[in-house]
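The values are calculated or read from the model by the stated rules, or taken from the named source; none is laboratory data. None of the values given here were measured: they were computed from a predicted structure. Here Cβ is always computed from backbone atoms with ideal geometry, including for glycine, and neighbour counts include all displayed protein chains. Calculation scope for accessible area: heavy atoms of the full protein, side chains included, ligands and nucleic acids excluded. Shrake-Rupley method; radii C 1.70, N 1.55, O 1.52, S 1.80 Å.
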Amino acid sequence: MNVVTAIDSMKGSLSSIEANQIVTKVFSEQGHLVKAIAIADGGEGTVAAVIKNGDGEKIPAEVHALDGQIVTVEFGWFSTEKIAVIESAAASGIQYLDGTLATHPLNTSTYGTGELILAALNQGAKTIIIGLGGTGTIDGGIGLLSALGVEFFDQDNQLLSAKGSNVAAIDHFSVQHLDSRLANTSFYSASDVTSPLLGENGAVYMFGQQKGVAENELAQYENGMKHYQEKVYGTRLSVAGDGAAGGLGFAIRVFLKGVVQSGFAFISEQTNLEEAIRTADLVITGEGKMDNQSLQGKVPIGIGRIAKKYKVPVVAFVGSFTGDQQLFREEGISVIVPMVDRITTLEEAMNNAESNLANAARRTVQLLTLMEKSLT
């Protein structure tokens with residue numbers, strides 16, 4: 001049987017590459033031919049995926065994390081094409097949130113992601129692709145823009161610091177000190193969601209609570225974001241993808257003239273994923289947590305839609321599932337297989353992710369073998 005495995009990273013436990021290696025080993029031991037494809041959707045693991053699938057290298061850079069601490073992170077670099085691939089999650093990721101006031105979105109920003117752009121420019125980048133998944137910030141991108149030289153002022157003409165709460169205080173801005181190299185650089189934002197900046201599916205209401213915004217803070221935060229949009233963009237409506245990464249998609253599109261594209265589509269094209277799926281007998285995908293938010297464009301859904309077109313069955317391995325199974329079947333996910341097969345804590349499940357995935361893969365292989373025997 002020809003099998004394609006393209007599993008998304010499972011935050012805090014397994015990278016896409018690691019997850020695919022586990023499944024490949026289990027299926028190969030049973031005589032199946034497996035093609036492993038490192039996959040991502042713009043979030044955590046995007047840089048690793050593009051480097052694994054291409055001929056790039058990782059370049060380290062020191063930047064400010066969303067909590068203000070200096071961290072060393074990496075971006076992908078393709079020297080021949082002068083293309084840099086950046087994960088906003090590297091500097092501004094949800095992994096830095098600790099539940100304290102210091103890391104509340106009102107007090108943090110995407111400044112470090114802007115510093116990554118500067119590092120890429122210093123490397124000589126002419127094209128910069130920014131993955132927008134997995135952030136813990138909701139600042140409309142003012143942190144990133146501040147790092148690049150944009151200045152935001154209040155009504156008293158006082159320079160505002162880059163943090164989420166100040167989106168509500170912006171009266172005007174200046175691009176006088178914007179880095180001149182940006183004018184000759186092409187930007188693409190690889191987004192894992194299609195949210196606009198505002199509204200019930202926007203940066204605040206859709207993703208605010210998972211980043212630490214309390215329910216009773218949402219309305220005021222949304223009003224601040226609406227104020228920000230009006231000050232920098234007028235009365236025009238935002239577009240799909242603007243709400244990604246807490247409004248980072250909006251900032252990249254409006255200020256850097258960035259082109260919004262699907263993070264999954266970007267990786268798919270790079271890896272020739274559709275052709276691999278077209279000729280497969282079985283596709284394996286998965287992610288750490290699968291719920292109805294996944295239907296907005298996460299990796300398993302993108303894979304399911306391609307496989308459905310070619311009538312190829314899809315098995316999704318997941319750490320947890322709380323969605324509507326019928327909706328996922330309609331998107332091409334044939335079977336959802338929980339990796340955890342016993343009562344356990346979240347910490348134990350994440351610590352044992354490698355063995356849990358291997359065991360889930362073995363159970364699946366056994367079932368497939370039984371089905372094959374019953375048909376012969």
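Observations on the model:
- Considering the range 317-336, and only residues there that are in contact with a Gly (Cβ under 8 Å, 6 or more places away or on another chain) and assigned to a strand (DSSP E or B), the residue that is nearest to Gln21 (Cα to Cα) turns out to be Phe317.
- Filter pass, Asn53 being within 21 Å of Thr127 (Cβ to Cβ), open to solvent by 30 Å² or more (accessible area, probe 1.4 Å) and in contact with a Ser or Thr (Cβ under 8 Å, 6 or more places away or on another chain): yes
- Residue tally, condition touching an Asp or Glu at 6+ places or on another chain (Cβ under 9 Å) and either small (Gly, Ala, Ser) or touching a residue at least 60 places away in the same chain (Cβ under 8 Å) (or both), over the range 282-302: 11
- Residues that are free of Cβ contacts under 8 Å to residues at least 24 places away in the same chain and farther than 27 Å from Ile138 by Cα number at least 2 in the following helices (runs of 4 or more DSSP H) confined to the range 11-121: 16-29.
- Check on Glu215, touching a residue at least 12 places away in the same chain (Cβ under 8 Å), open to solvent by 20 Å² or more (accessible area, probe 1.4 Å) and of a type in the set (D, E, K, R): no
- Taking each residue of the range 323-344 that is without any contact (Cβ under 8 Å) to a residue 60 or more places away in the chain and looking for partners that are of a type in the set (Asp, Glu) and open to solvent by less than 50 Å² (accessible area, probe 1.4 Å) with beta-carbon atoms closer than 6 Å, six or more apart or interchain, yields Gly323/Asp291.
- Residue in the range 358-368 that is among the hydrophobic types (A, V, I, L, M, F, W, C) and touching a strand residue (DSSP E or B) at 6+ places or on another chain (Cβ under 6 Å) present: yes
- Within the range 231-250, no residue that is under 15 Å from Met206 (Cα atoms) and open to solvent by 30 Å² or more (accessible area, probe 1.4 Å) sits with its Cβ atom under 6 Å from a residue that is charged (D, E, K, R) and modelled with pLDDT under 95 at 6+ positions apart or across chains.
- Whichever residue in the range 92-118 is surrounded by fewer than 20 Cβ atoms within 10 Å (Cβ to Cβ) and of a type in the set (Gly, Ala, Ser) and, among such residues, is nearest to the chain's Cα centre (by Cα): Gly99
- One residue stands out among those in the range 156-174 that are hydrophobic (A, V, I, L, M, F, W, C) and open to solvent by 70 Å² or more (accessible area, probe 1.4 Å): the one that is nearest to the chain's Cα centre (by Cα), which is Phe173.
One line per residue, one yes/no per condition, for (1) at pLDDT 95 or above; (2) of a type in the set (Lys, Arg); (3) farther than 18 Å from Leu273 by Cα:
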site: Ser9; (1), (2), (3): no, no, no
site: Gln21; (1), (2), (3): yes, no, no
site: Asp55; (1), (2), (3): no, no, no
site: Ile59; (1), (2), (3): yes, no, yes
site: Ile70; (1), (2), (3): yes, no, yes
site: Val73; (1), (2), (3): yes, no, yes
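- Residues in the range 137-155 that are open to solvent by 10 Å² or more (accessible area, probe 1.4 Å) and not in a loop (DSSP other than H, G, I, E, B): Ser146, Ala147, Glu151, Phe153.
- The set of residues in the range 190-211 that are buried (at least 19 other Cβ atoms within 10 Å of the Cβ) and either of a type in the set (Lys, Arg) or free of Cβ contacts under 8 Å to residues at least 24 places away in the same chain (or both) comprises Tyr205, Lys211.
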